[in-house]
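Okay, so here's the structure we're looking at.
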Amino acid sequence: MSEIAKHSAREALERLRKGNLRFATNVRGSDTFLGHTRRAELLTGQLPFAIILGCSDSRVPAEFVFDQGLGDLFVIRVAGNIVAPSQVGSVEFAAARFGTRLVVVLGHSQCGVILATLEELRMPTENQSRNLREIVDRVRPSVEGLFATDLRHDSEELVNQAVRANIRASVNHLRHGSQVLEQLIHEDGLLVVGAEYSLETGVVEFFDGAADGV
């Protein structure tokens, strides 16, 4: 990993941290929503500094959470921040096309998909939509092992740990499920990290690889 690439990922991560601090403390950046001038600047192309694979939950819009504006983030949103081929391809596209060197898998507290998966594991439903089942089935492997631990007796902590486990699974999939991304990680300084947004506080906690960007 070159020094330039490492610095790029590190700077991007720090920019997200600072943006989230502004959001969480209700001190917004003055130029975040200056759309007219920025739109004109972006007509000829884009250079997003970070790729965010986040949940579709309406309470977790990445641009707001990180206090960023037009052209700053390449955002992919899907229920449960799962990783399927289309999401991998989207990350590959942005990382290779724009040279973006930071990928963040952004989950959040009280995730509905996690709750639905845990409910399904406790009591399978009949006639569930095939498309919804596909989402649940992608989450299932990362969380079902938690039922074999003492967490099964603590519903709140079970959900908390399941959210983290699902984020880590998506991070791992991106790191090891794509030859394109693996090459960018080993040769060009691409950094893939996990993060969790707290609905209660507005704070994003980075983990699972974030230390590599420090």
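The values are calculated or read from the model by the stated rules, or taken from the named source; none is laboratory data. This one's a predicted model, so the numbers in the text were calculated from it and none came from an experiment. Neighbour counts are summed over all protein chains in view; Cβ atoms, including those assigned to glycine, are modelled from backbone coordinates with ideal geometry.
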| request: Select from segment 122-150 the residues that are at pLDDT 90 or above, surrounded by 14 or more Cβ atoms within 10 Å (Cβ to Cβ) and not charged (D, E, K, R) and write down the one among them that is farthest from Ser170 (Cα to Cα). | output: Leu146
| Residue, surrounded by the fewest Cβ atoms within 10 Å (Cβ to Cβ), within segment 179-214, restricted to residues that are among the β-branched types (Val, Ile, Thr) and either without any contact (Cβ under 8 Å) to a residue 12 or more places away in the chain or not in a strand (DSSP E or B) (or both) | Val214
| query | In segment 127-163, how many residues are more than 23 Å from Asp57 (Cβ to Cβ) and either β-branched (Val, Ile, Thr) or under 24 Å from the mean Cα position of the chain (by Cα) (or both)? | reply | 2
| said: Regarding segment 1-12, can at least one residue be identified that is closer than 16 Å to Val204 by Cβ and either hydroxyl-bearing (Ser, Thr, Tyr) or at pLDDT 95 or above (or both)? | reply: yes
| task | Of the numbered conditions (1) within 24 Å of Glu41 (Cα to Cα); (2) surrounded by fewer than 16 Cβ atoms within 10 Å (Cβ to Cβ); (3) touching a Leu at 6+ places or on another chain (Cβ under 9 Å); (4) of a type in the set (Lys, Arg), Arg101 fails exactly one; give the number of that condition. | result | (2)
| said: Against the conditions (1) of a type outside the set (D, E, K, R); (2) exposed (fewer than 13 other Cβ atoms within 10 Å of the Cβ); (3) under 25 Å from Gly209 (Cα atoms), where does Val27 fall short? Just the number, please. | reply: (3)
| request: For segment 37-93, name all the residues that are crowded, with 19+ Cβ neighbours inside 10 Å and touching a Pro at 6+ places or on another chain (Cβ under 7 Å). | output: Asp72, Leu73, Phe74
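If you check Ile51, Ile82, Ile76, which single one turns out to be at pLDDT 95 or above, closer than 16 Å to Val204 by Cβ and not small (Gly, Ala, Ser)?
Only one candidate passes the filter, namely Ile51.
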| task | Run down Asn166, Asn160, Asn172 and say which single residue is buried (at least 21 other Cβ atoms within 10 Å of the Cβ) and not hydrophobic (A, V, I, L, M, F, W, C). | result | Asn166
| message | Regarding segment 202-213, can at least one residue be identified that is in contact with a helix residue (DSSP H, G or I) (Cβ under 7 Å, 6 or more places away or on another chain), under 22 Å from Arg59 (Cα atoms) and small (Gly, Ala, Ser)? | response | yes
| field | Condition met for Gly107 (within 19 Å of the chain's Cα centre (by Cα), over 23 Å from Val88 (Cβ atoms), modelled with pLDDT of 95 or more and not charged (D, E, K, R)) | value | no
